[in-house]
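The values are calculated or read from the model by the stated rules, or taken from the named source; none is laboratory data. Please read all numbers here as calculations on a predicted model, not as lab measurements. No Cβ is skipped: glycine too gets one built from the backbone with ideal geometry, and neighbour counts run over all protein chains shown. Just so you know, the surface numbers come from the protein's heavy atoms only, side chains and all, with ligands and any DNA or RNA stripped out. Shrake-Rupley method; radii C 1.70, N 1.55, O 1.52, S 1.80 Å.
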Amino acid sequence: MASHTALAQNPIDPWVGEWGGTLEIHNAKRLSQTVAMGLNVAQLSDSSWTWQIVYGEGESRQERNYELLKTEGIGNYVVDEKNSIVLDLNLIKNGLFSFFQVGKSKLLISYELVDESIHFRTHSVNTDTETKTGGEENVPLVLSWKTGVYQTAVLKKK
């Protein structure tokens with residue numbers, strides 16, 4: 001039987017800490033760039049956490065100081081970018097997932113806890129590449145887009 005402590009654990013607790021690794025940015029042709037990446041998560045209250053994403057090191061270091069907030073419903077969170085942008089982030093099994101559109105880019109972002117690491121992935125498509133198929137008789141209309149950029153990183157706890 002699980003202990004009371006295990007039952008009361010906040011689902012974000014395993015994410016808390018300083019994580020670091022190397023982000024690989026791929027296009028259809030090749031690995032186009034690598035950059036240091038970090039994710040720093042610290043609890044602020046029972047329903048809020050810092051969610052700092054760091055790219056680069058030294059003089060090229062960029063910090064994105066966001067806040068993760070619990071919202072209504074099981075597994076529902078938002079990332080408040082503190083600039084009027086608030087993105088849904090949903091906890092499903094061992095992953096946090098977000099899907100959103102910026103301009104003509106649709107992005108699927110995932111952070112998955114795997115063993116002692118976070119596997120980060122971004123899939124990006126350009127809406128200008130949309131194709132429509134199906135939609136005749138009893139076949140549903142299907143929209144698809146070409147994936148333009150794929151980013152991946154394995155972040156280890158520091």
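Solvent-accessible area per residue for the chain at a 1.4 Å probe radius, Å²?
With all protein chains present, the chain gives 64 Å² per residue.
So if I take the centroid of the Cα atoms in region 86-158 and the same for region 15-45, what is the distance between those two points in Å?
16
How would Leu44, Leu143, Leu89 rank on accessible area, largest to smallest, probe 1.4 Å?
Values: Leu44 100, Leu143 75, Leu89 5 Å².
Sorted by accessible area, descending: Leu44, Leu143, Leu89.
In region 1-118, if the dipole is taken from +1 on Lys/Arg beta carbons and -1 on Asp/Glu beta carbons about the Cα centre, which of Ser45, Gly103, Ile85 is farthest to the positive end?
Gly103
Run the dipole for region 66-158 about the Cα centre, Lys and Arg Cβ at +1, Asp and Glu Cβ at -1, nothing else charged, and hand back the magnitude in debye, nearest 20.
Details: 11 positive and 12 negative charges, 78 e Å.
That gives region 66-158 a dipole magnitude of about 380 debye.
Extending each Cα 7 Å along its Cβ direction at Gln43 and Lys132, get the distance between those two points in nm, one decimal.
Spacing of the two 7 Å Cα→Cβ label points: 5.0 nm.
Any chance you could look up the accessible area of Arg64 with a 1.4 Å probe, heavy atoms only, rounded to 10 Å²?
90
With each label point set 7 Å from Cα along the Cα-Cβ vector, what nm distance links Glu18 and Lys158?
Label-label distance for Glu18 and Lys158, simple model: 0.3 nm.
Pairs of Cα atoms under 8 Å, at least six residues apart: use those to get the relative contact order of the chain, whole percent. Write down the numbers at each step before the final one.
Details: 341 pairs, mean separation 30.6, N = 158.
Relative contact order for the chain comes out at 19 percent.
Once a ≥ b ≥ c are taken as the square roots of the eigenvalues of the Cα gyration tensor of region 53-122, is the result rounded (a/c under 1.5), prolate (a/b larger than b/c) or oblate (a/b not larger than b/c)?
Numbers: a/c = 1.56, a/b = 1.18, b/c = 1.32.
Taking the square roots of the gyration eigenvalues as a ≥ b ≥ c, region 53-122 is oblate.
Measure off, as a whole percent, the carbon and sulfur share of the 1.4 Å-probe accessible area of the chain, all protein chains present. Show your work: numbers first, answer last.
On the way: 5200 of 10140 Å².
Percent of accessible area from carbon and sulfur atoms in the chain: 51.
Which entry in (1) 17.5; (2) 16.3; (3) 15.9 is this structure's computed Kirkwood radius over Cα pairs in Å?
Derived directly from the coordinates: (1).
Could you name the aspartates and glutamates whose alpha carbon sits less than 12 Å from that of Lys106, not counting residues in the same chain fewer than 8 places away?
Asp128, Glu130
Taking the Cβ of Val86 as the centre, find all other residues whose Cβ is under 11 Å away and add up their charges (Lys, Arg: +1; Asp, Glu: -1). Intermediate values should be presented prior to the final figure.
Working: positive: Lys82; negative: Glu67, Asp80, Glu81, Asp88.
Neighbour charge sum, excluding Val86 itself: -3.
Need one value: the accessible area of Trp145 in square angstrom, 1.4 angstrom probe, rounded to the nearest 10.
Its heavy atoms expose roughly 80 Å² to the probe.
Give the ranking of Thr133, Thr122 by solvent-accessible surface, highest area first, calculated with a 1.4 Å probe. Could you put the intermediate results ahead of the total?
On the way: Thr133 80, Thr122 10 Å².
Highest to lowest solvent-accessible surface, that is Thr133, Thr122.
Using the Cβ atoms and a cut-off under 15 Å, what net charge is assigned to the surroundings of Asn126, where Lys and Arg are +1 and Asp and Glu are -1?
Numbers: positive: Lys104, Lys106, Lys146; negative: Asp128, Glu130.
So the surrounding residues net to +1.
Fully extended, how many nm does the chain gain between Leu31 and Glu63 (0.36 nm per residue separation, minus their Cα-Cα distance)? If you can, show how the numbers build up before the last one.
Values: separation 32, 0.36 × 32 = 11.52 nm, distance 2.34 nm.
Length gained between Leu31 and Glu63: 9.2 nm.
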